[in-house]
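So the structure is just underneath, and the comments pick up after that.
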Amino acid sequence: MSSPKVLEGLKDISSSEDKQQAYKALLQDIPNISTPAAISKDLIAILDAIFDGSLGIVATRYLGAIYVKALTCVPIDRVKIEVGEYALEKFQSQASSFEEQNAQIRELMATAYEKDEDFLASAKILSGIPLESSQRKVTNEDKVRFWIRITRNYLEVDDTTLAEQYLNKAKNLIYTVDDRDLNLHFNLCQARIQDARRNFLAAAQGYQEISLMTVIAEEERLHTLSMAIKCAVLAPAGPARSRALGRLYKDERASTLEEYSILEKMFLDRLLTPEEVEKFAKGLAPHQLAKTGDGSTVLQRAVIEHNLRGASRLYNNITFDALGLLLGLDGDKAEDTTAKMIEQGRLVGRIDQIERVIWFEGGEATGEKGSGRAEGVVGRELKKWDFNVQGLAEEVEKVTSDLQFRYPDFVAANLVV
């Protein structure tokens, strides 16, 4: 039920000669004549009266703008949402004439939803704002701001699919925007989406670039650097990840973070212990601990691949079972993991399935598919053998020559030619 003063004001307006000014005065006086319990009903009653009053499109549009201002001044978010929903239905009857009011109401409702932490509702209400219209001019910067706001709301509810759709729209115009904060939010959204989609190498690079921006506080910069380290650790082992780890390891700020110990071990290709992995896992987000198709988590797979690379630095060759024991797998699974890394160009080596032995070759894989396979094995092994035999013969010859020089009589008496 509307408050008595508002009902009386509407009754007076019906007999007023200047209804436009009368409605304006009533809307501006709403904070004084209405109560928190009745303000929703009052605003709805006023809006009904404006649209039912046959004032003409020009006057109605003008009063629509005044109405939005009055709703903006209401301090109760619940009222903004309730009245806003009703107003959108009213405006929908003449949508082309009330595009500006429609957009303003939706922004008010979105802000109210965000304060209530209903980010999905906020994203949906914002997505209904028309950005391409002849009735209202929207700059590229405003378009990007809307799309990034929607993207951030979808990211809050972990809907990366819709978030990426709106970020891709912003991507086509972000190069025209000079606003530093807007560019920062764009880069952060992009890194978060890459992180959520497990494109950890790209996410690590994005987070590290953000951590170098002086426009944000030092605490936030360290937080994004920490996120960069986590993503680099979770990335598939190989040359690309080694380069990412190298960039982070050389960052002087990294040594102040909790993740530095695991970063250092991974960069130096040292084996990780289960205790270190468990401690690191406590700081990961839920999506970073999600299970993969084979039942293992992203972290478990990353650690297995890292320890496999570490083993390749320690051993020239190792049996399937011994490698499995080292990695916490059975022998066949260790062979399968090694074969995949060799095939994907992330590890250089060869597998002897008959003898159940893995041979690690020297050098670094290029990261290109198939580049890890060792070719011409027999010829290379023979050359290595010949080189070793030649080295041994040269050392024996050197010792013999030294004996002849120092003890010629002894050599003449005992040397058998």
Report task. Go ahead and run the numbers for FRET between Asp332 and Thr161, Cβ-Cβ distance against an R0 of 41 Å, rounding to 0.05. Result -> 0.65
**Report entry** Heavy atoms of Glu132: accessible area, 1.4 Å probe, square angstrom to 10
**Finding:** 140 Å²
Requested in this report: Set Lys and Arg Cβ to +1 and Asp and Glu Cβ to -1, take the dipole of the chain about its Cα centre, and tell me which of Tyr166, Tyr249, Gln344 lies farthest positive.
Outcome: Tyr166
Report summary line: Taking the dipole of the chain about the Cα centre (Lys, Arg +1; Asp, Glu -1; charges at Cβ), the one of Leu272, Ile304, Leu201 that reaches farthest to the positive side is Leu201
Requested in this report: Give me the number: length gained by fully extending Arg61 to Leu212, i.e. 0.36 nm times residue separation minus the C-alpha to C-alpha distance, one decimal in nm.
Outcome: 49.6 nm
Query raised in the report: Which one of Leu47, Gln104, Thr60 is farthest out on the positive end of the charge dipole of segment 1-130, using unit charges on Cβ (Lys, Arg +1; Asp, Glu -1) and the Cα centre as origin?
Result: Thr60
Requested in this report: Per DSSP H run of n ≥ 4, the term is -39500 (n - 2.57); total these for the chain, divide by its residue number, and report the mean residue ellipticity at 222 nm rounded to 500 deg cm²/dmol.
Outcome: -21000 deg cm²/dmol
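Work out the FRET efficiency for Asn414 and Lys384 from their Cβ-Cβ distance, taking R0 = 41 Å, and round it to the nearest 0.05. Before the final figure, lay out the partial values.
Values: r = 34 Å, r/R0 = 0.83.
The calculated FRET efficiency here is 0.75.
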Query raised in the report: How much of the DSSP beta bridge set in the chain is antiparallel, as a percent to the nearest 5?
Result: 90 percent
Report summary line: Of Val233, Val138, Val83, the most mobile residue in a GNM of the chain (C-alpha springs, cutoff 10 Å) is Val138
Query raised in the report: What does the charge dipole of the chain about its Cα centre add up to, to the nearest 20 debye, if the Cβ of each Lys and Arg holds +1 and the Cβ of each Asp and Glu holds -1?
Result: 580 debye
Query - Most mobile of Glu264, Glu156, Glu394 in a GNM of the chain (Cα contacts under 10 Å) - result: Glu394
Report summary line: When every protein chain stays in place and a 1.4 Å probe is rolled, His287, His223 sorted by accessible area with the largest first are His223, His287
Query - GNM top mover of Ala203, Ala302, Ala70 - the chain, alpha-carbon springs below 10 Å - result: Ala70
Query raised in the report: Distance in nm between label sites at Thr297 and Ile354, each 7 Å beyond Cα in the beta-carbon direction?
Result: 4.3 nm
Query raised in the report: At a probe size of 1.4 Å, how large is the accessible area of Tyr260, to the nearest 10 Å²?
Result: 50 Å²
Query raised in the report: With each pseudo-label sitting 7 Å past Cα toward Cβ, what's the Arg180-Gln28 distance in nm, one decimal?
Result: 4.0 nm
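Say the cut-off is 32 Å between C-alpha atoms; which of Lys24/Lys137; Lys279/Lys384; Lys230/Lys340; Lys90/Lys169; Lys11/Lys137; Lys5/Lys124 go over it? Numbers along the way, then the final one.
Working: Lys24/Lys137 26 Å; Lys279/Lys384 44 Å; Lys230/Lys340 23 Å; Lys90/Lys169 30 Å; Lys11/Lys137 38 Å; Lys5/Lys124 36 Å.
Result: Lys279/Lys384; Lys11/Lys137; Lys5/Lys124 exceed 32 Å.
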Query raised in the report: Simple spin-label model, 7 Å along Cα-to-Cβ: Lys137 to Glu394 in nm?
Result: 8.1 nm
Requested in this report: May I ask you to list the trypsin sites (Lys or Arg not before Pro) in segment 63-92 that are in a DSSP loop and have at most 14 other Cβ atoms within 10 Å of their Cβ?
Outcome: none
Query raised in the report: Quick one: net charge of Asp321's neighbours, Cβ under 14 Å, K/R +1, D/E -1?
Result: -4
Query raised in the report: Local charge sum around Leu10 (other residues, Cβ-Cβ under 13 Å, Lys/Arg +1, Asp/Glu -1)?
Result: -2
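Carbon and sulfur: what percent of segment 1-130's accessible surface (1.4 Å probe)? Before the final figure, lay out each step's value.
On the way: 3330 of 6520 Å².
Whole-percent figure for carbon plus sulfur exposure: 51.
The values are calculated or read from the model by the stated rules, or taken from the named source; none is laboratory data. Keep in mind that what you see is a predicted model, and the values were worked out from it rather than measured. Glycine also receives a Cβ, built like all others from the backbone with ideal geometry; neighbour counts cover every protein chain displayed. To get the accessible areas, we keep the full protein, side chains included, count just its heavy atoms, and leave off ligands, DNA and RNA. Shrake-Rupley method; radii C 1.70, N 1.55, O 1.52, S 1.80 Å.
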